[in-house]
Amino acid sequence: MASGERLIVFDNVSKFYGEVLGVNRVNLAIEPGITSLVGPNGAGKTTLMNLMTGLLRPTKGSVCMVGVKPSDAEAFYRMIGYCSQFDSFPKGVTGYQLINAMMSIHGYDSRESNARANLVIEKVGMKDAAHRRIAGYSKGMRQRIKLALAIAHEPKVLVLDEPLNGLDPMARAEVIEIFRRFADSGMHVVISSHILHEVDLISDRVVMLSNGYVVAEGDIQSVRSEMEDHPMQIFIRCDRPSLVAALIFSQDSVVEAKIHADGGGLLVATRNTDSFYRLFNRIVLDNHISVEAVAPADENVHSVYEYLIGNAGGAAS
Amino acid sequence: MMNLRVRQTVAVARFELKRFLLARRWIGVYVLALAPVLLVYARTQIRGGNDSLLNPSQAFAAVFQFFILRFGIFISCAVVFTQVFRGDILEKTLHLYLLAPARREVIAVGKYLAGAALVAVLFTVSTAATLLLMYSHDGMFSAFFFEGPGFSHLVRYVAVAALASMVYGAEFLLIGLKYKNPGVPTLLLFAWETFSFALPSMLQRLTVVYYLLPILPVKADAGPFAIVVDPVTPIFGIPIVLALALALVSISGWFVRSVEITYSAD
C-alpha cells in the first residue's frame, strides 16, 4: 500500500466562509491511530472535520482520505464514519429506524441493514431504547446513536466531533475502549475534544489549532520537546532536595529549581532533558539520595495547549 | 452499480415518505387534497339529486382546473418540494444523507420521488373521489360511468393530476435548492401559471398548463379575457411535460452536488 493510501492528507487547505476564515493553509499527513484536534471554540476544529468528511469543500487546496478524494462520494463515504456535532435527527423516527434506513441508503439489503442496525445498537448499549423515538432520548443516548450511525458500516476512518459530550464516566470509558480497539486495528480515529486530560489519555498524536491555523502537530512528547522557549519541567520527589537543587545548577541548561513546600521534592526547569537526566543520575548515585518519583511535569496536552494557545483558548479544560 | 443506485434511490424515497407521513407540517397539504372532496360531498348532501342548475361535467372541469390543478397541486408541490432539502437544512439533518456512500443525484432523485408520490397519490385519489361524488346522484353514476364516457374522463383527470404533481414537483425541487427564501419565485410562478390564459400565444407555450389542459376531457370556461391558442396534442404534450420534469430533476441533482453543510449560515 502506498504511503498516501494510509494517510489523511491535507494539502495546503484553506476554507473561507465569505470573508470569514475557517482554516488557513493547513498541511497535514495523519497516520493511522487516534489523532485529537485540540483548540478553543472557533479555532477551526469542526471546519477541519467537515473538510475531512466532504461536507465542506476547500476554498483552496485539496483533501485526500486514505487515497480517496471526497468527489468520489460512493467510495469516499463507504470508508468514512462521521459522528458530527449536529445534535439533530429526523422527527418521529426511532434510533433503530434511523440506523436501519441509513444502512439501506448505504446500499445494504434489508436483511443486512437490519442485522447491522441491531449489532451496532447493542455495541453502543442502546438495545433497550432502540425502538423509542429519538426525540425522547437524553443527550448521552443521542450521542450513542450518532456513534452507532458512524460505525455501523465499519468505516476505515472514524471522525468524531466532541464524541464524549454528554456521556457519563462509565459510558466514556466504554466509548474510549471502542476508539482504542478501532485504532489498534490500523484504522484512523480523529477526535475533537476540549477535555484535555481525556485527549491526553487516548491520543496517539494531537493537532493543535488556533484561529484557523495549525500551531502544532505530532505526538505530544515531540511537540513538547520542540517548544524551546518553554523549558521542560521535571517533577522529582526525593530526600535532600536542597542538595539536588544546589548540584544541578552546575549545568547551564537548568534554568530553575523550586523546592516543594513540604520539603519532600523539587520542580526543575531545564532546556535539555537528556543531559539533565544524566546529571541527575550521577548526583543520586554519588550522594546516595533516595528517589521516590521522577516524572515530566508539563509533557501533556494541557501544558502544551497552555503554552501555545494560552488564555486565548478559553474553552478548553 | 446500477442496481445499487436503484436500491439507494428506493431507500431514500422510502425513508422520506416515512418522514412525510410522520411530520405534522404537511397537514395543510392533506387539507388541500381533501377540500374538493368535502366541498362536493357537502353540496350533494345539501342539494341532493335536485341540483338542476349544475352540469356535473362542467362543474367538475371548473373544480379541477381552478382548484385542484392550479391551486391544490401547485401549492402542495410548492410546500412539499421546496422543503425537501431546505427543511433538512433547517432541521440540521441533511448531513445524514450526504454522509451516505451515494451519489448526490441519487439522493435528489430519491427525495423527489418521495415528494412526487405523496402529492400524486393525494391528488389523484382526491380527483377520483371528487369526480365520483359529483355523479353520485341516483341514475347519474351508472349513466356516466357505465354507459357514458365516465371512465375515460376519470383516467384523463387522474393522469393530469399525476403529471402536474411530477412537473410542478420538479420545478419546486429546483427552486427550493436555488433560493433560501422560495416565497418570491413561488408567487411569480403561481401568477405565471394562473393567469397564463391571458398571455400571448408564444408565452402560453412556456407554461405547464398549456401542455396539461389539452389532456383534459372537458375545458372549463376561462373567461372573457382568455386568449385562445392552438392546443398541443397530448401525444406531444405528455412527453414534453415528462422531459421537463426529468430535466429539472437532473439540474437539481447537479445543484445538490455543490451543497455544503454550513447550517449556521443557512
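The values are calculated or read from the model by the stated rules, or taken from the named source; none is laboratory data. Worth saying up front: this structure is predicted, and the values here are computed from it rather than measured. Backbone-built Cβ (ideal geometry, glycine too); neighbour counts: all protein chains shown.
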Checklist entry - Can you pull out the helices (runs of 4 or more DSSP H) entirely within region A:135-223 that have at least 3 residues that are within 23 Å of B:TYR97 (Cα to Cα) and either at pLDDT below 90 or not aliphatic (A, V, I, L, M) (or both)? => result A:139-151
Item to check | Options B:ALA78, B:ALA13, B:ALA33, B:ALA61; residue that is buried (at least 17 other Cβ atoms within 10 Å of the Cβ), within 14 Å of another protein chain (Cβ to nearest Cβ) and among the aliphatic types (A, V, I, L, M) | outcome: B:ALA13
Next on the checklist: Residues that are more than 14 Å from chain B (Cβ to nearest Cβ), aliphatic (A, V, I, L, M) and over 27 Å from A:MET102 (Cβ atoms): does region A:178-189 have at least one?
Outcome noted: no
Next on the checklist: If a residue must be among the charged types (D, E, K, R), loosely packed, with under 15 Cβ neighbours inside 10 Å and touching a residue at least 40 places away in the same chain (Cβ under 8 Å), how many such residues does region A:10-53 contain?
Outcome noted: 3
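Can you give me the number of residues within region A:54-73 that are facing another protein chain (nearest Cβ under 7 Å) and either of a type in the set (Gly, Ala, Ser) or crowded, with 18+ Cβ neighbours inside 10 Å (or both)? Show your work before the answer.
Step one: filter region A:54-73 for residues facing another protein chain (nearest Cβ under 7 Å), giving A:55-57, A:73.
Filter once more, keeping what is either of a type in the set (Gly, Ala, Ser) or crowded, with 18+ Cβ neighbours inside 10 Å (or both): A:55-56, A:73.
Residues in region A:54-73 being facing another protein chain (nearest Cβ under 7 Å) and either of a type in the set (Gly, Ala, Ser) or crowded, with 18+ Cβ neighbours inside 10 Å (or both): 3 in total.
Here is a check on your reading of the model: is B:VAL184 under 16 Å from the mean Cα position of the chain (by Cα) and either of a type outside the set (Asp, Glu) or closer than 23 Å to B:PHE255 by Cα (or both)?
no
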Next on the checklist: Being within 15 Å of the chain's Cα centre (by Cα), within 30 Å of A:ASP72 (Cα to Cα), away from chain A (no Cβ under 14 Å) and not basic (Lys, Arg) narrows it down to one residue among B:VAL249, B:VAL241, B:VAL160, B:VAL209; which is it?
Outcome noted: B:VAL249
Checklist outcome for this item: Subset of region B:93-144, residues free of Cβ contacts under 8 Å to residues at least 12 places away in the same chain and either of a type in the set (Lys, Arg) or within 14 Å of another protein chain (Cβ to nearest Cβ) (or both), comes to B:THR93, B:LEU96, B:LEU99, B:PRO101
Item to check | Residue that is surrounded by the fewest Cβ atoms within 10 Å (Cβ to Cβ), among those in region A:82-127 that are in contact with a strand residue (DSSP E or B) (Cβ under 6 Å, 6 or more places away or on another chain) and at the interface with another protein chain (Cβ under 8 Å from one of its Cβ atoms) | outcome: A:SER84
Checklist entry - Just wondering, is there one or more residues in region A:24-46 that are part of a strand (DSSP E or B) and over 28 Å from A:ASP184 (Cα atoms)? => result yes
Item to check | Leading residue by the ranking (surrounded by the most Cβ atoms within 10 Å (Cβ to Cβ)) among those in region B:16-30 that are within 26 Å of B:ARG103 (Cα to Cα) and more than 8 Å from chain A (Cβ to nearest Cβ) | outcome: B:GLU16
Next on the checklist: Given the condition at pLDDT below 95, among the aliphatic types (A, V, I, L, M) and in contact with a Ser or Thr (Cβ under 7 Å, 6 or more places away or on another chain), answer yes or no: does some residue in region B:1-24 qualify?
Outcome noted: no
Next on the checklist: Being surrounded by 14 or more Cβ atoms within 10 Å (Cβ to Cβ) and either under 26 Å from A:ASP204 (Cβ atoms) or in contact with a Gly (Cβ under 6 Å, 6 or more places away or on another chain) (or both) narrows it down to one residue among A:TYR305, A:TYR277; which is it?
Outcome noted: A:TYR305
Item to check | Residues (surrounded by 13 or more Cβ atoms within 10 Å (Cβ to Cβ) and either farther than 15 Å from A:SER290 by Cα or free of Cβ contacts under 8 Å to residues at least 12 places away in the same chain (or both)) located in region A:238-248 | outcome: A:LEU247, A:ILE248
Item to check | Count - residues of region B:145-165 that are assigned to a loop (DSSP other than H, G, I, E, B) and either in contact (Cβ under 8 Å) with a residue 12 or more places away in the chain or acidic (Asp, Glu) (or both) | outcome: 2
